[in-house]
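The values are calculated or read from the model by the stated rules, or taken from the named source; none is laboratory data. This structure is a prediction, so every number in the text was calculated from the model and none was measured. We place every Cβ from the backbone using ideal geometry, glycine too, and count neighbours over all the protein chains shown.
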Amino acid sequence: MPTKTKTTAAPKKVAAKPKSKAAPVVVVPAELAFWTIDGVVYHSLTELADGFATMAGRVYRYHADKDHQDFAVWVSSVFMNKPLSALLKKAATPKAAEKVIRTHLKASK
């Protein structure tokens, strides 16, 4: 009597999971970079957020007071992001500005 042989099916091909569709970090060239009064240069929002973490209050106040909104203007004109720019205008401290940028970057992922 013939015996039944169990055939094993070929393993199913599983589609690779798509990688995270994180928004790429936009790095601008030197001519569009942001230069602070103390000579620090920022080329991306990530760099700016990192910079806010250690930025002296006097440097922040120079660029972001009732007469100047340099960070907000840079974000609006270079990155074409008016909503983020509006939030930066409301940030009273470097730590608050850092939080605004990091929240934006996290939401963009």
remark   = Here the residues within region 70-109 that are without any contact (Cβ under 8 Å) to a residue 40 or more places away in the chain and among the hydroxyl-bearing types (Ser, Thr, Tyr) are SER76, SER77, SER85, THR93, THR103
task = Residues that are closer than 19 Å to VAL28 by Cβ and of a type outside the set (Lys, Arg): find the helices (runs of 4 or more DSSP H) completely inside region 51-107 holding 3 or more of those.
result = 70-78, 82-90, 94-107
inquiry  = Quick check on ALA56: is it of a type in the set (Gly, Ala, Ser), under 22 Å from LYS99 (Cβ atoms) and at pLDDT 95 or above?
reply    = yes
key: Considering residues of region 37-50 that are among the hydrophobic types (A, V, I, L, M, F, W, C) and part of a helix (DSSP H, G or I) only, the residue nearest to VAL78 (Cα to Cα)   = LEU45
request  = Go through region 80-95 and count every residue that is farther than 14 Å from HIS63 by Cβ and among the small types (Gly, Ala, Ser).
outcome  = 1
message = I'd like the full set of residues that are of a type in the set (D, E, K, R) and surrounded by fewer than 12 Cβ atoms within 10 Å (Cβ to Cβ), limited to region 52-81.
response = ARG58, ASP65, LYS66, ASP67
query = Of the numbered conditions (1) surrounded by fewer than 18 Cβ atoms within 10 Å (Cβ to Cβ); (2) at pLDDT 95 or above; (3) among the aliphatic types (A, V, I, L, M), LEU84 satisfies every one except a single condition; which is it?
reply = (1)
